[in-house]
Amino acid sequence: MTEQFLDSEILPQRIEYYIYLPPCYEQQIEQRYPVLYMIHGQSYRHDQWINLGLIDQADAWIADGTISPLIIVMPRDRVWTPPSEDLFGEGVVEELIPNIDATYRTLDDREYRAIGGLSRGAAWAMRLAFLHMDLFGAVGGHSLPIFWEDAPRIPRILEETAPEALPRIYIDIGDRDRQEIMESTLWFVDLLASHDVPHEWHLFVGYHEEAYWAEHVPDYLAFYTSGW
């Protein structure tokens, strides 16, 4: 796993990201791999998912055959402003993803690309998955606060989109999370249910903290890789 940098014409600074390549990547030079994009939370950096144990879990499960090998990309969101002021999402979609597909042996079909995140990263993941359904076959929101800018548009998207065209959706939150985040998560879950959108929903025990997310890394990885 290495830290990489990508010059950006969209963002004021270059895109920083960690990339994990499976242990077999250099040996099986004809094989292509699905890609999971994972976004960190506010006030953290792009090594947060590494510190939570995601890479260790992937290594262990690939080694014992629980999951198929995959590539994991963890980009850095530098600022904490609303999406209309933070072009991080555009940088991911328009620059990072095409660069990853051009540089590494990826399976670049929608069904082999997933995106997820925790807290603010979850808001980004859900936003990008709903605005770019052609890119992502699965999305996960862990302790999810929907961006307030996205709240008016999501119902319209659901009304205009056949459920089978949506990505697979996973949502979870700790039962002792912050009230405003809990309300946002429950609003979104109820919205999906009211539109008969299939989704996986979990109310676990826990707070809005790294101990909670670390505990559920196996649940997250199992969801993203199912079907790969």
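Restricted to strands (runs of 3 or more DSSP E) entirely inside the range 105-219, those with at least 1 residues that are open to solvent by 20 Å² or more (accessible area, probe 1.4 Å) and more than 30 Å from Q28 (Cα to Cα) are 200-204.
Taking the range 1-23 as the range and being in a strand (DSSP E or B) and either out of contact with any Leu (no Cβ under 7 Å at 6 or more places or on another chain) or at pLDDT below 95 (or both) as the test, the residues that pass are T2, E3, Q4, F5, E16, Y18, I19, Y20. Evaluated against (1) among the aromatic types (F, W, Y); (2) free of Cβ contacts under 8 Å to residues at least 40 places away in the same chain; (3) within 21 Å of Y44 (Cα to Cα), W213 falls short on exactly one condition, (2). The one condition from (1) open to solvent by 50 Å² or more (accessible area, probe 1.4 Å); (2) farther than 21 Å from R153 by Cα; (3) out of contact with any strand residue (DSSP E or B) (no Cβ under 7 Å at 6 or more places or on another chain) that D101 does not meet is (1).
The lone criterion from (1) free of Cβ contacts under 8 Å to residues at least 40 places away in the same chain; (2) under 30 Å from W148 (Cα atoms) left unmet by I10 is number (1).
Determine whether W80 is surrounded by fewer than 15 Cβ atoms within 10 Å (Cβ to Cβ), closer than 17 Å to R120 by Cβ and aromatic (F, W, Y).
Details: surrounded by fewer than 15 Cβ atoms within 10 Å (Cβ to Cβ): yes; closer than 17 Å to R120 by Cβ: yes; aromatic (F, W, Y): yes.
Spelling it out, W80 is indeed surrounded by fewer than 15 Cβ atoms within 10 Å (Cβ to Cβ), closer than 17 Å to R120 by Cβ and aromatic (F, W, Y).
Residue-by-condition table, conditions (1) open to solvent by 40 Å² or more (accessible area, probe 1.4 Å); (2) modelled with pLDDT under 95; (3) not aliphatic (A, V, I, L, M):
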{"residue": "Y25", "(1), (2), (3)": "no, no, yes"}
{"residue": "Y37", "(1), (2), (3)": "no, no, yes"}
{"residue": "R45", "(1), (2), (3)": "yes, no, yes"}
{"residue": "D59", "(1), (2), (3)": "yes, no, yes"}
{"residue": "I62", "(1), (2), (3)": "no, no, no"}
{"residue": "M74", "(1), (2), (3)": "no, no, no"}
{"residue": "L96", "(1), (2), (3)": "no, no, no"}
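The values are calculated or read from the model by the stated rules, or taken from the named source; none is laboratory data. On a predicted model such as this, the values are computed, not experimentally measured, just so you know. No Cβ is skipped: glycine too gets one built from the backbone with ideal geometry, and neighbour counts run over all protein chains shown. Protein only, heavy atoms only, side chains kept; ligands, DNA and RNA dropped before computing areas. Shrake-Rupley method; radii C 1.70, N 1.55, O 1.52, S 1.80 Å.
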